[in-house]
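See structure below.
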Amino acid sequence: MRAITCLLLAALATSCSSIGVIRQTKDDWYSQATRSVLNSDDVSDVTINILRRRSLTASYRQDPEGAIRALQRELAETRERELCVAIAELGIIQTRRISVVDRVALGTAVRYSYAYLFDPQLEPAPHQFDAQFRWACDIYNFAIAEFVRASTQESRTRAGKPGLLEWYGGSAPLELGQNELAFALKDFEDVEVAYDFRVEGLPPPDSRRGLGVPVLLRQSWTKEEKRKVEFKYLPDHLAFAATILVRFSDDASVLDAQSAPGMLDVLDPMETVSKQIGGVDVPLEIDYTTPVASMLSGKPQAIGLRALFFGPDYKQKGGLYMFQPYRKGRIPILLVHGLASDPLTWLPLYNDLVADPVIRTRCQFLFWFYPTGQPVLFSGQQLRRALSEAYELVSPDDDDIANDWTLVCGHSLGGVLTRSLVVDTGDTLWDTAFEVPFDQLDGIAPRERNLLRDSFFFESAPYIRRAIFYATPHRGSPDAKMGVVQWMSGLIAVPSQTMDPLFRAVRKAKPKIRIKRLTSIQSLRDDNPIIQALADLPINPRTTYHSIIGDTTAGGHEGGSDGIVPYVSSHVPGAESELIVHSGHSVQQTPEAARETIRIVREHIAAFDAKR
């Protein structure tokens, strides 16, 4: 009787258990549906059910390794692919149980998430719309990132020895596979995971989700190394973008008794955006922005303003810079900043350009930095000389046809320098400024004569095929005559080697214009005859040119101003295209300018391909 009573009570308790539904918010639903070991302190619901059906829910938290080995045994018998993500999640759970890095548990997460995605012996085939597929990618990336962090701390990556990948029940030597960077891994000073940084002061990082871990490879160069061609145009301290990928041969299986070696690839996102694995074109996880932003973090940001007023202090720092080593066959895009500015002004646009898959893999970028207080014509001759020397250095046999299709982007004063690259002056500029013909000028030392000749007499550079002018004061700006601006002009320190030859020439050449203190600001006055003469010179027909112009009131109409340069000065007759954007003077940083620039650069690439 007592036994019957107990059975009845048990049945009654069972029948009274509440089954039904309760309403939940869409946020609660999404949080539960996307929950995995990476965004919570527990495994996903899919893995919970896998464990429940195998009576492992009571023990997996206290003994993740035991649950892993139980699932491994079943996987060997059934070859059920879904078990791999459960094993990978449990590997992450195991890493959280101890304070030191558990390489075996991390290796388990890497090997089994990879097995879910690519293992040829498991069934059924993975489906990209399955939640487990997405979790497998994220767990793989998370675990690789943890390995990179641990390896950096132990100096393993710096030594260029990937080492051994271990997991519960197996291991495989990890060999260096494909290295697309221009330098060996051992040459880098440090490796950091891009996930560990948040970019500030720029648009959100331009990244691409996929497989692999985006990293920053930091390097600096000695004075001896800077003399080499491959180092010459790189900044003294540089962070390269790369994606680290660990892979196995296409026929390798996690079920193999003898594990084949794994390969660690270091891939250049400027070169490669996907990788063939198991016959599938797998997109790589990429971050282009964080490495560039990290180089500038904690460093002075207003160097352009200081270089305006203290030009002699920055003369040695001026020149051409690149973020990547020179690559033969890629079209150079030269970016020339404006007054009181520096190459940083181009970073938003650069960020958008390298995000374009065609531009990123077909072009390479050069930045020109110069003290913007010196006279415009002197800055122009420095730029022309630097470009010629650079092309002779990187292509001494003149066998890189891509260099002959250089595209130049010039903002503000940089646009005036850009114009000096694509016109033929003849005697026009000299005759505009002086009474005495240049060939009759006596009493000038050879060095000074050469400096003046190169500044006032030049031909269009034959390798410039296209130019984009952004907010360029081709005919100067009325603001340059304002009292406060003229006062600022008086504060500009100009290198004596620039001013002294000019004033010697002034005394002998009988100037037609008043030259008291020649700076870039004086050069940009809209009543300066020299800048007017430069604007009147026709652009060489071989150079296609475009204008992107700001207007503070509205876009799309003529006759306005960007607040500094009026439309009448920024407009260039004969331009292939002209876009007027609702913007101030920094029009090059607007989304509209970025879209137009991408269109123009793609058009330029197509023209280059058509002519080859």
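Please treat every number below as a calculation from the coordinates, not as lab data. If you're wondering where the values come from, they're calculated on a predicted model, not measured in any experiment. Note that each Cβ is placed from the backbone with ideal geometry, even for glycine, and that neighbours are counted across all protein chains shown.
Numbers for the structure displayed
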quantity: Amide N of the range 57-95 lying under 18 Å from the label point, which is placed 7 angstrom from the Cα of Leu255 along Cα→Cβ; calculated: 69-88
quantity: Exposure proxy ranking, count of Cβ atoms within 10 Å, fewest first, for Val43, Val336, Val193, Val568; calculated: Val568, Val193, Val43, Val336
quantity: Cβ crowding within 10 Å averaged over residues, with 543-551, 99-107, 142-150, 20-28 ranked highest first; calculated: 543-551, 142-150, 99-107, 20-28
quantity: Ordering of 581-587, 571-577, 255-261 by burial proxy (mean other Cβ atoms within 10 Å per residue, highest first); calculated: 581-587, 571-577, 255-261
quantity: Ranked packing of 356-362, 413-419, most packed first, by mean Cβ within 10 Å; calculated: 413-419, 356-362
quantity: Fully extended contour minus Cα-Cα distance, from Ile513 to Arg612, at 0.36 nm per residue; calculated: 30.9 nm
quantity: Potential extension, Val568-Thr152 segment - 0.36 nm per residue separation minus Cα distance; calculated: 144.1 nm
quantity: More than 49 angstrom apart: percent of Cα pairs within the chain; calculated: 30 percent
quantity: Local electrostatic count at Asp427 - Lys and Arg +1, Asp and Glu -1, tallied over other residues with Cβ under 14 Å; calculated: -4
quantity: Efficiency of FRET from Cβ geometry, Asp281 and Asp454, R₀ 60 Å, rounded to 0.05; calculated: 0.70
quantity: Diffusion coefficient, µm² s⁻¹, Stokes-Einstein with Kirkwood Rh over alpha-carbon pairs of the range 300-611 at 25 °C and 0.890 mPa s; calculated: 124 µm²/s
quantity: Hydrodynamic radius (Kirkwood) for the range 34-290, which is based on Cα pairs only, to one decimal in Å; calculated: 19.2 Å
quantity: Fully extended contour minus Cα-Cα distance, from Asn39 to Glu77, at 0.36 nm per residue; calculated: 10.6 nm
quantity: Spin-label proximity, Asp187 to the range 244-270 - amide N less than 17 Å from point 7 Å beyond Cα toward beta carbon; calculated: 266-270
quantity: Sparse-neighbour loop sites [GluC sites (Glu not before Pro); the range 399-471; at most 16 other C-beta within 10 Å; DSSP]; calculated: Glu435, Glu459
quantity: Rounded FRET efficiency, nearest 0.05, which uses the C-beta distance separating Asp442 from Thr272 and R0 of 60 Å; calculated: 0.45
quantity: Estimated distance in nm for a label pair at Ala125 and Asp431, the labels positioned 7 Å out from Cα along Cα-to-Cβ; calculated: 7.5 nm
quantity: Efficiency of FRET from Cβ geometry, Thr25 and Arg54, R₀ 41 Å, rounded to 0.05; calculated: 0.80
quantity: Cα gyration tensor of the range 85-150 - equivalent ellipsoid semi-axes, whole Å, descending; calculated: 22, 10, 10
quantity: Longest to shortest principal axis, alpha-carbon extents of the range 324-405, angstrom; calculated: 35, 32, 18
quantity: Alpha-carbon centroid distance for the pair the range 539-612 / the range 236-258, whole angstrom; calculated: 43 Å
quantity: Glu603 versus Glu389: modelled label distance in nm, points set 7 Å from Cα along the beta carbon direction; calculated: 3.5 nm
quantity: Whole-Hz ³J(HN,Hα) from phi, Karplus 6.51 cos²θ - 1.76 cosθ + 1.60, for the range 253-265, glycine and proline x; calculated: 10, 5, 8, 5, 5, 10, 6, 6, x, x, 10, 9, 9
